[in-house]
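The values are calculated or read from the model by the stated rules, or taken from the named source; none is laboratory data. Since we're looking at a predicted model, the values are computed, not measured. Cβ placement follows ideal geometry from the backbone for every residue including glycine, while neighbour counts extend to all protein chains displayed. The area values use the complete protein model at the heavy-atom level, side chains included, leaving out ligands, DNA and RNA. Shrake-Rupley method; radii C 1.70, N 1.55, O 1.52, S 1.80 Å.
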Amino acid sequence: MKQYYFNLHISYQEFERVYRGTARSVLAVDNQGRRIQIPALRFLPFLTSVGISGRFVLSTDNNNKFLSLQKI
């Protein structure tokens, strides 16, 4: 299993692009400088009226298949 730790701040207005269909993924840079691309819909449980903000950990299997996304 691999884990990627990163901070993310996306306004509600910016995240609306997902609903309009103009955005499908979120690009983030983890603490080690690795770029990671995550399907935007994985962030829906963390969406509030101000958007998405916080520190997250993405867990994948050894083939980089999604396992979980948690806010920490």
Counting other Cβ atoms within 10 Å, keep those with at most 10, restrict to DSSP loop, and tell me which trypsin sites (Lys or Arg not before Pro) in the chain are left. Lys65
Within the set Ser49, Ser59, Ser25, GNM on the chain using Cα springs under 10 Å gives the largest fluctuation to Ser49
Hey, got the dipole for the chain? About the Cα centre, +1 on K and R Cβ, -1 on D and E Cβ, debye to the nearest 20? 120 debye
For the chain, the accessible surface attributable to carbon and sulfur atoms (probe 1.4 angstrom, ligands and nucleic acids excluded) amounts in percent to 48 percent
Residues with amide H under 5 Å from that of Ser25, placed H, sequence gap 5 or more: Ala40
Suppose the chain between Leu44 and Ala23 were pulled fully straight at 0.36 nm per residue; how much longer would it get relative to their current alpha carbon spacing? 6.2 nm
As an exercise, use a Förster radius of 25 Å and the Cβ-Cβ distance of Phe66 and Arg35 to find the FRET efficiency, rounded to the nearest 0.05. 0.95
Whole-Hz Karplus couplings 3J(HN,Hα) for the stretch 47-59, θ = phi - 60° and coefficients 6.51, -1.76, 1.60, Gly and Pro as x, run 6, 10, 5, 9, x, 10, 8, x, 9, 10, 10, 9, 10
Counting each DSSP H run of 4 or more residues in the chain as -39500 (n - 2.57), what helix-only mean residue ellipticity at 222 nm follows after dividing by all residues, to the nearest 500 deg cm²/dmol? -3500 deg cm²/dmol
Probe radius 1.4 Å, ligands and nucleic acids left out: which of Ser68, Ser53 has the largest accessible area, and how do the rest follow? Ser53, Ser68
